[in-house]
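Colleague: Got a structure for you, written out below as structure tokens; questions coming shortly.
The values are calculated or read from the model by the stated rules, or taken from the named source; none is laboratory data. In this text, all values refer to a predicted model and were calculated from it rather than measured experimentally. Positions of Cβ are backbone-derived with ideal geometry, glycine not excepted, and every protein chain shown enters the neighbour counts.
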């Protein structure tokens, strides 16, 4: 069941401040407070969707188009057109990255990595 008091729902409602990049009637994008790289942005639909499958199964065509428009305009606004990652996590027991906020969101990540990110990547690649 969707939690209307999750941190992203509060950001959408303006109850928690965020550094917004792009917003439209269906989605917003904002800087991640714990960035993995110099450009780490979250793109979040305004609707109440727990994860990516919930979104693609239940969101209207207009919501989905608005979400992807926000994604594209966010990338354009930050000059991201190559060499980036996009991630979506689903579930508290996901194999690599656990979902910690149960409101669907994409991570758009580009640019120079942080030291914390480099440690995590080495761990994932079994280099430590």
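Colleague: Which residues, counting only those in segment 63-79, are touching a residue at least 40 places away in the same chain (Cβ under 8 Å) and surrounded by fewer than 17 Cβ atoms within 10 Å (Cβ to Cβ)?
Modeller: Within segment 63-79, the first condition is being touching a residue at least 40 places away in the same chain (Cβ under 8 Å), and the residues that meet it are 66-67, 69-71, 73-74, 77-78.
Correct list: 69, 77.
Colleague: Hey, does segment 46-59 have a residue that's out of contact with any strand residue (DSSP E or B) (no Cβ under 8 Å at 6 or more places or on another chain), farther than 26 Å from residue 93 by Cα and at pLDDT 95 or above?
Modeller: no
Colleague: May I pose another question? Just checking, which of 104, 84 is within 18 Å of residue 25 (Cα to Cα) and either touching a helix residue (DSSP H, G or I) at 6+ places or on another chain (Cβ under 9 Å) or in contact (Cβ under 8 Å) with a residue 12 or more places away in the chain (or both)?
Modeller: That would be 104, the only listed residue that is within 18 Å of residue 25 (Cα to Cα) and either touching a helix residue (DSSP H, G or I) at 6+ places or on another chain (Cβ under 9 Å) or in contact (Cβ under 8 Å) with a residue 12 or more places away in the chain (or both).
Colleague: Turning to a different aspect of this structure: Can you tell me which residue among 75, 94, 82 is within 14 Å of the chain's Cα centre (by Cα) and closer than 18 Å to residue 109 by Cβ?
Modeller: The unique qualifying residue is 75.
Colleague: How many residues are free of Cβ contacts under 8 Å to residues at least 12 places away in the same chain and not in a helix (DSSP H, G or I) if we restrict to segment 49-62? Can you show your working first?
Modeller: Initial filter on segment 49-62 (free of Cβ contacts under 8 Å to residues at least 12 places away in the same chain): 56-58, 60-61.
Remaining after also requiring not in a helix (DSSP H, G or I): 60.
Qualifying residue count, segment 49-62: 1.
Colleague: Just a yes or no: is a residue in segment 39-46 outside any strand (DSSP E or B) and surrounded by 12 or more Cβ atoms within 10 Å (Cβ to Cβ)?
Modeller: So far as segment 39-46 goes, yes, one or more of its residues are outside any strand (DSSP E or B) and surrounded by 12 or more Cβ atoms within 10 Å (Cβ to Cβ).
Colleague: Also, I was wondering about something else. Please give the number of the condition residue 94 fails out of (1) surrounded by fewer than 18 Cβ atoms within 10 Å (Cβ to Cβ); (2) without any contact (Cβ under 8 Å) to a residue 24 or more places away in the chain; (3) more than 22 Å from residue 113 (Cβ to Cβ).
Modeller: Only one criterion in (1) surrounded by fewer than 18 Cβ atoms within 10 Å (Cβ to Cβ); (2) without any contact (Cβ under 8 Å) to a residue 24 or more places away in the chain; (3) more than 22 Å from residue 113 (Cβ to Cβ) is unmet by residue 94, namely (3).
Colleague: Can we say residue 4 is at pLDDT 95 or above and outside any helix (DSSP H, G or I)?
Modeller: yes
Colleague: Select, from 58, 20, the only residue that is over 28 Å from residue 111 (Cα atoms) and surrounded by fewer than 19 Cβ atoms within 10 Å (Cβ to Cβ).
Modeller: On the way: 20 fails: over 28 Å from residue 111 (Cα atoms).
Going through 58, 20 in turn, the sole match is 58.
Colleague: Here are some conditions: (1) within 29 Å of residue 120 (Cα to Cα); (2) outside any loop (DSSP other than H, G, I, E, B); (3) touching a residue at least 40 places away in the same chain (Cβ under 8 Å). Residue 10 meets all but one. Which one does it not meet?
Modeller: For residue 10, the exception is condition (3).
Colleague: Right, next: Assuming residue 29 fulfils every condition listed in (1) farther than 24 Å from residue 1 by Cα; (2) touching a residue at least 40 places away in the same chain (Cβ under 8 Å); (3) surrounded by 18 or more Cβ atoms within 10 Å (Cβ to Cβ); (4) touching a helix residue (DSSP H, G or I) at 6+ places or on another chain (Cβ under 7 Å) apart from one, which condition is it?
Modeller: Failing condition for residue 29: (1).
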